[in-house]
1. Is it the case, given these coordinates, that A:G368 is modelled with pLDDT of 90 or more, away from RNA strand B (no atom under 11 Å from the Cβ) and either assigned to a helix (DSSP H, G or I) or surrounded by fewer than 16 Cβ atoms within 10 Å (Cβ to Cβ) (or both)?
2. Please verify whether A:F170 is more than 16 Å from RNA strand B (Cβ to nearest atom) and farther than 24 Å from A:A142 by Cβ, treating the condition exactly as stated.
3. If A:A142 satisfies all but one of (1) in contact (Cβ under 8 Å) with a residue 12 or more places away in the chain; (2) open to solvent by 60 Å² or more (accessible area, probe 1.4 Å), what's the number of the condition it fails?
4. Restricting to region A:204-240, count the residues that are of a type in the set (A, V, I, L, M), outside any helix (DSSP H, G or I) and surrounded by 13 or more Cβ atoms within 10 Å (Cβ to Cβ).
5. Could you tell me which residue of region A:297-329 is most open to solvent (accessible area, probe 1.4 Å), considering only residues that are in a loop (DSSP other than H, G, I, E, B) and over 18 Å from A:L140 (Cα atoms)?
6. Based on this model, can you work out whether A:G333 counts as out of contact with any Lys or Arg (no Cβ under 7 Å at 6 or more places or on another chain) and away from RNA strand B (no atom under 12 Å from the Cβ)?
7. Looking at (1) touching an Asp or Glu at 6+ places or on another chain (Cβ under 9 Å); (2) open to solvent by 40 Å² or more (accessible area, probe 1.4 Å); (3) assigned to a loop (DSSP other than H, G, I, E, B), which one does A:R416 not meet, given that it meets all the others?
8. Out of all the residues in region A:347-354, is one or more open to solvent by less than 40 Å² (accessible area, probe 1.4 Å) and basic (K, R)?
Amino acid sequence: MATFQSLPGFRDFYPDDLSRRNYIFRLWRQTASAFGFSEYDAPVLEPLDLYKAKSGDEIEAQLFSFTDKGGREVALRPEMTPTVCRLVGAKANALKRPIKWFSIAEFYRYERMQKGRGRCFNQLNADIFGEPGPEAELELLALLVQSLCSFGLTSEDFYVRLSDRNLWFFYLEALGLDEARIRGVLGAVDRYEKYGEDAFKGYTEQYGALDPELKAKVIGFLQIKSLAALEETLATMTDDKITARLADWRSLLGSLDAMGLSQFIQVDFGVVRGLAYYTGFVFEAFDRKGELRAIAGGGRYDDLVAKLGGPDLPAVGFAIGDMTFALLLEQRGLMPAMVQTVDVYCVIGGPAERTAAFAAIQSLRASGFRVEYPLKDVAFGKQFKAASEAGARLALIYGSDELAKGVVKLRDMNDRSEREVPIAEIVSAVRDTLSG
RNA sequence: GCGGCCAUAGCUCAGUUGGUUAGAGCACUUGAUUGUGAUUCAAGGGGUCGCGGGUUCGAGUCCCGUUGGCCGCCCCA
């Protein structure tokens, strides 16, 4: 047993772990690029105040934070949103709109571990700045769905619950609640699915029991699961804000339908998301079986860039965490085993053949082929076994008989056929065989 | 921050009411095999039984503490 181990909640990535992580990152990156998003990155360490400004002082308990040697209060980033707001805010006037950015990065939170949650994890973050209309939500929802579908997941495996904090606000306002009470009610709505009636306990303690008629309306609203139900509930309301908002909903759902994504989207006003900075559409992706934590979450946060010192800039974004996502892929058998593929395995007869092989090994590698060979002289049988286990497609056989004729043998490991190739033509022969 | 369960080899796990030198399978290394991928067989390396203390003639086993893990609560950006 080693004397040192990794810190609680942190993960080591041995080669086969890392190959799985790389697989996920590669498809995320490909997908985000296909949707026209540009990749960025930023420091892991940020000023503590960046997070306090966004989320309040309580956030510090859940951060890896400390005072650096220059006396600065700093924290490891627990999320990307404040950072990307800082980046975009600083150059907002110079950036072409819409600003579509993504990143794949590691985050740190000082929390107790649970299934699908550790103290360090990776996320794909994607955000659009500068577009106030639902066209931005459309892009992000489409990207979110495709970021999961790229791995072979389907609408049988996951879905995205779509809700709207604006409409909640407008509705509760129209029912006569002030802002503080609205936030209290939204807190209860957030918990309702889990605790039922008890979800309103906190509200009752703070503001007194909610009027029964009002409470019934709240519960009715959080049970809305379709645009039709939404329109029906709001039919008697003539408020301009509500009318305009319903138009946004029709536009967004219509466009999602045109993209063929309807089967992934579930209107669900039971989702409000905990944090208060969301200002419009909010959404969360879940596995259909409901066994795992949320796979992804996001929404609109039009006030945040300005709140962090930048210009007024509308924004929408989402994040997919790697831990729950990896659990889902494993559950569905969609996580590939590590495939360490080798193009060419060089089988070497002895010391003299080894020296003769080095030139070809070097040229093949310089040409970009993945080439392996045994570092020590071992029996032929072992070498072929090693070639097979390494997943080599070709074996290049350097034996004394072949070298005497000025050739090497090229063996196709799949169909076991062999042919002789002049030493000068090895690279082109390998290239032809592998591409053919 | 709170609660439940757990900790023996790289992995999955045995280990008798407390009793000699702590075991198996898989994995790894080597050999049988001096020119062809399988199977098989043989051998080998690897553990101060998470750590610390206590009870005892004697502790992997019982007790206390601690650290770590899994799960749940809080929280979930």
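1. Working: modelled with pLDDT of 90 or more: yes; away from RNA strand B (no atom under 11 Å from the Cβ): yes; either assigned to a helix (DSSP H, G or I) or surrounded by fewer than 16 Cβ atoms within 10 Å (Cβ to Cβ) (or both): yes.
So A:G368 passes the test.
2. The answer is yes for A:F170.
3. (2)
4. 3
5. A:D312
6. Spelling it out, A:G333 is indeed out of contact with any Lys or Arg (no Cβ under 7 Å at 6 or more places or on another chain) and away from RNA strand B (no atom under 12 Å from the Cβ).
7. So the condition that A:R416 fails would be (1).
8. Yes, because at least one residue in region A:347-354 is open to solvent by less than 40 Å² (accessible area, probe 1.4 Å) and basic (K, R).
The values are calculated or read from the model by the stated rules, or taken from the named source; none is laboratory data. Note that the structure is predicted; figures quoted are calculated from it, not measured. No Cβ is skipped: glycine too gets one built from the backbone with ideal geometry, and neighbour counts run over all protein chains shown. Accessible surface is based on the protein model in full, side chains and every heavy atom, while ligands, DNA and RNA are left aside. Shrake-Rupley method; radii C 1.70, N 1.55, O 1.52, S 1.80 Å.
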